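Note sheet for the following structure.
The values are calculated or read from the model by the stated rules, or taken from the named source; none is laboratory data. All values derive from a computational prediction rather than experimental measurement. Positions of Cβ are generated from backbone atoms using ideal geometry, with glycine treated the same way; all protein chains shown enter the neighbour counts. When the accessible area is computed, the model is the full protein with side chains, heavy atoms only, and any ligands, DNA or RNA have been set aside. Shrake-Rupley method; radii C 1.70, N 1.55, O 1.52, S 1.80 Å.
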Amino acid sequence: ETIEKNRNARIPYLEAREAVELEQKELKAVKEKIGEEIREVCRPEIDEYVDCIVGRIFSVMQCKRQALVMRRCLIKAESPEYVQKRTVEILQEREASGASVVNNAAKGTTRERRAQYN
């Protein structure tokens, strides 16, 4: 009866908004992790570009070659297929390890528990 009372007192828009914010938080954490992995793959090219650009005033034309090499590496490493595959893998890892904001059984914030109140 308490669950029923609380369910009737909730505002659907805010519930949906909260779910969207949780999903966005989760995806933001995943994108940060993917970004770290891609930067690690292209670390030599990024370091070359940074070494070239630091300490120069007109560095755009001087470091164009290094910028192109770095950009090619990042584009090659960040293919849509790779990003999509890693997103699914990282979401599963986060759910298994208990780091997930959306579906965390240890904290009791599972999708099933939230569905009970909606």
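Considering only the stretch 29-67, how many residues are more than 21 Å from TYR82 (Cα to Cα), open to solvent by less than 80 Å² (accessible area, probe 1.4 Å) and not polar (S, T, N, Q)?
7
Could you count how many residues in the stretch 13-30 are without any contact (Cβ under 8 Å) to a residue 24 or more places away in the chain and either of a type outside the set (S, T, N, Q) or in contact with a Gly (Cβ under 7 Å, 6 or more places away or on another chain) (or both)?
8
Quickly run through the stretch 70-83 and pick out the residues that are in a helix (DSSP H, G or I) and open to solvent by less than 50 Å² (accessible area, probe 1.4 Å).
Pass one, the stretch 70-83, residues in a helix (DSSP H, G or I): 70-77, 80-83.
If the condition is that a residue be in a helix (DSSP H, G or I) and open to solvent by less than 50 Å² (accessible area, probe 1.4 Å), then MET70, CYS73, LEU74, ALA77, VAL83 are the ones that fit.
Please specify each residue of the stretch 3-28 satisfying the condition of being open to solvent by less than 70 Å² (accessible area, probe 1.4 Å) and small (Gly, Ala, Ser).
Of everything in the stretch 3-28, those that are open to solvent by less than 70 Å² (accessible area, probe 1.4 Å) and small (Gly, Ala, Ser) turn out to be ALA16, ALA19.
Report yes if ARG86 is out of contact with any His (no Cβ under 7 Å at 6 or more places or on another chain), open to solvent by 30 Å² or more (accessible area, probe 1.4 Å) and more than 24 Å from VAL102 (Cβ to Cβ), otherwise no.
no
Could you list, in sequence order, the residues of the stretch 53-78 that are out of contact with any Asp or Glu (no Cβ under 8 Å at 6 or more places or on another chain), modelled with pLDDT of 90 or more and over 15 Å from ARG39 (Cβ atoms)?
LYS64, ARG65, ALA67, LEU68
List pairs: first in the stretch 38-55 and free of Cβ contacts under 8 Å to residues at least 60 places away in the same chain, second charged (D, E, K, R) and surrounded by 15 or more Cβ atoms within 10 Å (Cβ to Cβ), Cβ under 6 Å, 6+ apart or cross-chain?
Every condition considered, the pairs that remain are ILE38/GLU78.
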